[in-house]
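What follows is one structure encoded as structure tokens, with my remarks underneath.
None of the figures in this text is laboratory data; all of them are computed from the coordinates on show. Here the structure is a predicted model, which is why all the values come from computation and not from measurement. Neighbour counts run over all protein chains shown; Cβ positions are idealised from the backbone, glycine included.
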Amino acid sequence: MIKPSTGRTVFLVCNYVFLTLLAFLCLLPIVNVFSVSLSAASASEAGLVRLWPVRFTWKSYEYVLGSNAFLQAMLISFKRVLLGSSISLLLTVLIAYPLSKEVNVFRWRTAYAWFFVITILFSGGLIPLYMVVKALGLMDTIWSLVLPSAVPVFLVILMLNFFRSLPKELEEAALVDGASHWRTMTSIYVPLSLPGLATCTLFSMVGHWNAWFDGLIFMNSTEHYPLQSYLQTVIVQSNLDVLNQVDLLLMQYVSDRSVKAAQIFIGALPILIVYPFLQRYFVKGIVVGSVKQ
């Protein structure tokens, strides 16, 4: 073991201190929202809550988890994430694999690549998108939230570059052994691309989970709102029309601010739970990329 120099030691200490403070600043809003959701109505309304609950109570979570409208919206969001992420990941792999080939293997690769890239620079606009969705009969259905964003071009470019970074000798050996391109993709490229697939999965899940505007314009009834559209209506616009009479009655016994904090925290909780399970693939990808050469 080589003893680190004084400059190296100072750098490591400053680096750890900076990253610790940065992590604390990122967690601070989440901790505050969580504390407000666990505080009594009088304390939360008076703005007395900082980083620790004041007069601890579960009433806000009892109200939120007992709200049929909130649970219905969360169920729709789970369906959207499951369908949207699966379809996006499948199409991303099917598009990125052929586009990762050279021109002498896939003649029209450049034309197809520009066909997808140009959609990042230009779009048809909101009104044509609404007209297409309505003409296809997708209004007020889960498919209106999934199909318009089924091909995330950014993720296609990400997987394309990841596929191109893999050794070509593996593909050549598979083709010599008689494997088709489909078999090569499913048996070689996909298993070796777990870090890239995990990244695309997380991006897609976060995108679908946090999307709220399309739910407002494509859903005709509030009962079909995904969670973020529901929260945007109730919390941001303070539109209590989406609440039923039972919910309005329960609102008399809990703080409006603590209930909103509980809804926000529960809405962010699924992504906070999923991220640690995908983190190991990010670390693995960094390690593999650093020693691959």
Can you compute the FRET efficiency between V132 and F277 using 1/(1 + (r/R0)^6), with r the Cβ-Cβ distance and R0 = 30 Å? Round to the nearest 0.05. 0.25
Options [x] 201; [y] 116; [z] 129 are given for volume of the Cα convex hull per residue in Å³, and the computed one is [x]
Could you calculate the contour length gain from E223 to A150, that is, 0.36 nm times the residue separation minus the distance between their Cα atoms, to one decimal place in nm? 23.9 nm
Cβ density ranking, 10 Å radius, fewest first, applied to K3, K59, K168 yields K3, K168, K59
Could you give the Stokes-Einstein D for segment 1-141 in µm² per second, using the C-alpha Kirkwood radius, 25 °C, 0.890 mPa s? 112
Sequence order, segment 170-183: Karplus ³J(HN,Hα) from phi using 6.51 cos²θ - 1.76 cosθ + 1.60, θ = phi - 60°, Hz rounded, Gly and Pro as x, gives 5, 5, 4, 5, 5, 5, 5, 6, x, 6, 7, 5, 4, 5
Run through all the Cα pairs of segment 6-60 and give the fraction in each 5 Å bin from 0, expressed as whole percent. 4, 21, 18, 13, 9, 10, 8, 7, 5, 4, 1
Spacing of the two label points (7 Å from each Cα toward its C-beta) at F106 and L21, in nm: 4.7
Multiplying the sequence separation of L12 and L269 by 0.36 nm and subtracting their Cα-Cα distance, what value in nm do you get? 89.3 nm
